[in-house]
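Q: The following block contains the structure, expressed as structure tokens.
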Amino acid sequence: MATIEIKDIIKKENLVYGKTKILTDNIMHYCPGCSHGVTHKIVAEVIEELGIQDKTIGVSPVGCSVLAYNYLDIDWQQAAHGRAPALATATKRLMPDHYVFTYQGDGDLASIGAAEILHACNRGENITVIFVNNAIYGMTGGQMAPTTLLGMATATSPYGREVALHGYPLKITELIALLPGVAYVTRQSVQTPAAVRKAKKAIKKGFENQAKKIGTSFIEIVSTCSSGWKLSPVDSNRWMEEHMFKFYPLGDLKDSEKANEEDYKKYIE
Amino acid sequence: MAKVRGAIDVDKELCKGCGVCITACPTHVIELAKQVNGKGYNYAHMENPEACIGCANCALVCPDSVITVYKINI
């Protein structure tokens, strides 16, 4: 049998998986191994699969992902710190046939923007919220965030987070799942191929819910910050699996489509 | 004998050498190169190209989308 050389395999017709066209050719400014890169990629892939590139408007936050508009070839707005849901509300109400999503970190969404997100979700705005939770303020140098785990050392809690001094970590996703305006609340991660596929499915569902006009879709991505955690990218993925998943368990918290179906069944039986 | 052969094409200059693809690879194809790219990172490359099955797991977890995957049936 003839040996097959690599140059025989690397041909256009044998392509299995490549970079989507929605992602621009700009070099991402994120640190090596940052979960933002994977999250950007799956958002881009979902937009490509749904064919909504010219109808999608993203709202970028303040934080590491403030420059997200450099990487996804769609329309963007940049909101003041924490105010992305408010801006997305206005955009969606003015252009109801467009797909509007916010892309926020935990420092942006769970801290300074907690009021905006809770009220946008409570009003049931037809937007998709992508919440990247890495339990730290990454861009500003690794300070303690509302979502920082107990005992976790950061720049502003060098001896670890203590309840007496800093309070408990905030499970904002659980809070949002209680609100009647939200249609879909889920928590995913992007550290393994299987997790990436699941997260992509969740984000796709979030975008599809906008067309159905059934309320806010909230997708949390539990992610890493290797620079802030002072670990290598592979070690931070392991640390996340060991510590973050205990406090932030993955899975769907609310899926009103299913709930509605069950409610409907109750009436016909 | 494997019925599929895969290959990956890594954009060496854009790779940041995070090594996430190495742990995602089921057949241990990828290693970090001893050489560095223009940014000073040890980029990912195929150390063991015969074992590649073109599953695209490495490309899925790559944060910088620098991996393109090809596959043929033999």
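Q: Grab the DSSP H runs of chain B that are 4 residues or longer, score each as -39,500 (n - 2.57), total them, divide by all residues and round the 222 nm result to the nearest 500 deg cm²/dmol.
A: -2500 deg cm²/dmol
Q: Tell me, which residues of the range B:8-27 get at least 20 Å² less accessible area when the other protein chains come in, versus the chain alone (1.4 Å probe)?
A: The answer is B:Leu14, B:Lys16, B:Cys18, B:Val20, B:Thr23.
Q: Please report the net charge: other residues with Cβ closer than 15 Å to the Cβ of A:Glu220, K and R +1, D and E -1.
A: +2
Q: In square angstrom, rounded to the nearest 10, how much accessible surface does A:Leu118 have for a 1.4 Å probe?
A: Number for this one is 60 Å².
Q: Compute the Rg to Rh ratio over chain A from the alpha carbon atoms, using the Kirkwood formula for Rh, and round to two decimal places.
A: A ratio of 1.00.
Q: Here's a follow-up. Treating the beta-carbon of each Lys and Arg as +1 and of each Asp and Glu as -1, no other charges, what is the dipole magnitude of the range A:22-268 about its Cα centre, to the nearest 20 debye?
A: 360
Q: I've got another one for you. Where in the range A:153-231 are there trypsin sites (Lys or Arg not before Pro) that are in a DSSP coil and have at most 14 other Cβ atoms within 10 angstrom of their Cβ?
A: Listed in order of number, the matching sites are A:Lys213, A:Lys230.
Q: Follow-up. Among A:Leu179, A:Leu23, A:Leu50, whose mean-square fluctuation peaks in a Gaussian network model of chain A (Cα, cutoff 10 Å)?
A: Residue with maximal mean-square fluctuation among A:Leu179, A:Leu23, A:Leu50: A:Leu50.
Q: Total Å² of accessible surface buried at the A-B contact, 1.4 Å probe, nearest 100?
A: 2700
Q: What Kirkwood radius, in Å to one decimal, follows from the Cα pairs of the range A:1-141?
A: Radius from the Kirkwood sum: 16.5 Å.
Q: Computed FRET efficiency, Cβ-Cβ of A:Glu48 and A:Lys213, R0 22 Å: what is it to the nearest 0.05?
A: According to the calculation, E is roughly 0.45.
Q: What three numbers, in Å, describe the spread of the alpha carbons of chain B along their principal axes, ordered from the longest?
A: Principal-axis extents of chain B (Cα, largest first): 38, 21, 18 Å.
Q: With a 4.7 Å Cβ cut-off, tell me which Cys residues in chain B come up empty for a partner.
A: B:Cys15, B:Cys18, B:Cys25, B:Cys52, B:Cys55, B:Cys62
Q: Might you tell me the accessible area per residue for chain B, computed with a 1.4 Å probe and given in Å²?
A: 47
Q: While we're on this one: What size of dipole, in debye to the nearest 20, comes out for chain B about its Cα centre when the only charges are +1 on Lys and Arg C-beta atoms and -1 on Asp and Glu C-beta atoms?
A: That gives chain B a dipole magnitude of about 80 debye.
Q: For chain A, report the accessible area per residue in Å² (1.4 Å probe, heavy atoms, rounded to an integer).
A: For chain A, the solvent-accessible area averages 46 Å² per residue.
Q: Suppose only helical runs count, i.e. DSSP H with n ≥ 4. What mean residue ellipticity at 222 nm does that imply for chain A under -39500 (n - 2.57) per run, divided by all residues and rounded to the nearest 500 deg cm²/dmol?
A: Taking each H run of at least 4 residues, the total per residue is -10000 deg cm²/dmol.
Q: If you add up the charges near A:Glu5, with Lys and Arg at +1 and Asp and Glu at -1, over every other residue whose beta carbon is less than 12 angstrom from its beta carbon, what do you get?
A: Once positives and negatives cancel, what remains is +1.
Q: Then there is this: Pairs A:Lys55/A:Lys200; A:Lys11/A:Lys201; A:Lys41/A:Lys205: which are spaced more than 21 Å apart, C-alpha to C-alpha?
A: Check vs 21 Å cut-off fails for A:Lys11/A:Lys201.
Q: May I pose another question? Stretch A:Leu150-A:Leu250 to full length: gain in nm at 0.36 nm per residue minus the Cα-Cα span?
A: 34.1 nm
Q: Given A:Ile10, A:Leu253, B:Leu14, which one lies farthest toward the positive end of the charge dipole of the protein assembly as shown, if we put +1 on the Cβ of every Lys and Arg and -1 on the Cβ of every Asp and Glu?
A: A:Leu253
Q: Can I ask one more? In the protein assembly as shown, what percent of the accessible surface is made up of carbon and sulfur (1.4 Å probe, ligands and nucleic acids excluded)?
A: 55
Q: Follow-up question, since we're still on this one. Length gain on complete extension for the stretch A:Glu242 to A:Glu13, per 0.36 nm per residue less the alpha carbon to alpha carbon distance?
A: Value of the extension gain: 78.3 nm.
Q: Moving on. Setting aside same-chain residues fewer than 8 positions from A:Lys92, which aspartates and glutamates have a Cα under 14 Å from its Cα?
A: A:Asp75, A:Glu125
Q: Hand me the GluC sites (Glu not before Pro) from chain B located in a DSSP loop with no more than 12 other Cβ atoms within 10 Å, in residue order please.
A: Answer by residue number: B:Glu13.
The values are calculated or read from the model by the stated rules, or taken from the named source; none is laboratory data. Values in this document were obtained by computation on a predicted structure and should not be read as measured data. Because the Cβ atoms are built from the backbone with ideal geometry, glycine has one as well, and the counts that use them run over all protein chains shown. These accessible areas exclude ligands, DNA and RNA; they are computed on the full protein's heavy atoms, side chains included. Shrake-Rupley method; radii C 1.70, N 1.55, O 1.52, S 1.80 Å.
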